[in-house]
């Protein structure tokens, strides 16, 4: 006879889960808005533990109070200006940084003259949820990327934390230390090629996530984020290893 | 890696879901009429679902705007101009008693497939008749896009990921410009005014932006990345796929 009292409910299902906490905040627009100007307001921020995915709804006290719309499907609303009785567009945008979510709304006055805004409150309702599939717990692949300065105008610094994206494999890596790439010591060729630049500066990097998919072979082209310069080229000469 | 579901779980419980069709061209619903919505349109179709949950629920809604088996949960991007999106559009309006699904189209359309899933918070012991999502993949992605020639000519690229399922799947997607700060699919991440899009001092008609959306068909999950910045951009994404049934 089976003793059911000792059996835990256990399945292999992976689901979205939520702590059931509903966060609320609001932004109120009013007063005068100058010609060709915009008014920007930002919520104080919801502090969220363990954010993964989320749903953010909004209502508009003048247009659809108590009727909440999904910001993924609709990222703008309207605010009446009473000077000439026209509707102004307000763009709504959410931002998650670390564990804090803020919502920014910006109303634009396309007229060249000032207008008076009807007092309008935008209310926001936020629920965070996550997947029960856990983030990868393996190790991150590591390696190095060589940077060649093919532009003779001067050296430059690439800070730690800079993102490199392999254009052959579409995998991203982050530099783990700051490097200074010196001025090119010789007259550059017409194209930025690996040879004869044997003294390229090596930057240690690690994959943005754990996983064996980041163990990629050498790649001749990387995009260096936030550092766009046609005279700079990045390559990896050896495979990345250690990702699991 | 998977996690066991135990009786003290706090996952989202599927309260209602259904495959429906919505035709546009009917009488105008006040919740869908300009200026109740920020997007004016010409033809509306509305379906109201009564849930009576007593609180505004979490709702995921998907539609097949081209009626070809490709499902979206955001506006469909066109990539043909500044923030260009295709119609018809899907919107949800949610109250403590009702979820209203609204389709907005330029011309009258019949039988646009829509699928919705309304959740309630799980706070009870497990019952055998409960339904929860079945997530089978949760992955990061990244794309590189060249510079746009001007802010009215966005760059876009599409990545496809075979999902290995024999039926339609659902997706949840977020994107990021730094792999740390994440935005909901379909949001236009504002990168400031393009001061070349208007007279000196403004007003300007365009901003720089980046965005990403996810969509699915019977074979693949797709991510559409788009931006109109004058420099190349890397756009990160993370997504989860779950079964529709």
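The values are calculated or read from the model by the stated rules, or taken from the named source; none is laboratory data. On a predicted model such as this, the values are computed, not experimentally measured, just so you know. All Cβ positions, glycine included, derive from the backbone under ideal geometry; neighbour counts span all protein chains shown.
Look at residue B:147 and say whether it is within 12 Å of chain A (Cβ to nearest Cβ), surrounded by 23 or more Cβ atoms within 10 Å (Cβ to Cβ) and either within 28 Å of residue B:69 (Cα to Cα) or in contact (Cβ under 8 Å) with a residue 40 or more places away in the chain (or both). First the steps, then the outcome.
Numbers: within 12 Å of chain A (Cβ to nearest Cβ): yes; surrounded by 23 or more Cβ atoms within 10 Å (Cβ to Cβ): no; either within 28 Å of residue B:69 (Cα to Cα) or in contact (Cβ under 8 Å) with a residue 40 or more places away in the chain (or both): yes.
The answer is no for residue B:147.
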Original post:
Across the stretch A:79-89, which residue is farthest from the other protein chains (Cβ to nearest Cβ) among those that are modelled with pLDDT under 95 and closer than 21 Å to residue B:190 by Cβ?
Top reply: A:88
**OP:** Output the number of the condition that residue A:105 fails; it satisfies all remaining conditions of (1) at pLDDT below 95; (2) within 30 Å of residue A:237 (Cβ to Cβ); (3) more than 10 Å from chain B (Cβ to nearest Cβ).
**Re:** (2)
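Quick check: is even one residue across the stretch A:23-36 facing chain B (nearest Cβ under 7 Å), closer than 26 Å to residue B:193 by Cβ and modelled with pLDDT of 80 or more? Full working, then the answer.
Filtering the stretch A:23-36 down to residues facing chain B (nearest Cβ under 7 Å) leaves A:36.
Subsequent filtering for residues that are closer than 26 Å to residue B:193 by Cβ retains A:36.
This time we only want the ones that are modelled with pLDDT of 80 or more, so: A:36.
For the stretch A:23-36, residues facing chain B (nearest Cβ under 7 Å), closer than 26 Å to residue B:193 by Cβ and modelled with pLDDT of 80 or more: present.
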Original post:
Looking at the stretch B:110-120, is at least one residue in contact with a strand residue (DSSP E or B) (Cβ under 7 Å, 6 or more places away or on another chain), modelled with pLDDT of 90 or more and part of a loop (DSSP other than H, G, I, E, B)?
Top reply: yes
**OP:** Residue by residue through the stretch B:30-49, note down the ones that are crowded, with 17+ Cβ neighbours inside 10 Å and at pLDDT below 85.
**Re:** B:32, B:36, B:37, B:38, B:39, B:41
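I need a count of the residues in the stretch B:159-180 that are within 16 Å of the chain's Cα centre (by Cα) and in a strand (DSSP E or B). Give the steps one after another, and end with the answer.
Going residue by residue through the stretch B:159-180, those that are within 16 Å of the chain's Cα centre (by Cα) are B:168-176.
Add one more test, that the residue is in a strand (DSSP E or B), and what stays is B:169-176.
Of the residues in the stretch B:159-180, 8 are within 16 Å of the chain's Cα centre (by Cα) and in a strand (DSSP E or B).
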Subject >> In the stretch A:87-100, the residues that are over 20 Å from the mean Cα position of the chain (by Cα) and free of Cβ contacts under 8 Å to residues at least 24 places away in the same chain >> reply: A:87, A:89
**OP:** Could you please find all residues in the stretch B:181-201 being assigned to a loop (DSSP other than H, G, I, E, B), touching a strand residue (DSSP E or B) at 6+ places or on another chain (Cβ under 7 Å) and without any contact (Cβ under 8 Å) to a residue 60 or more places away in the chain?
**Re:** B:187, B:194
Subject >> Output for the stretch A:53-78, where each listed residue is surrounded by fewer than 21 Cβ atoms within 10 Å (Cβ to Cβ) and more than 7 Å from chain B (Cβ to nearest Cβ) >> reply: A:61, A:62, A:65
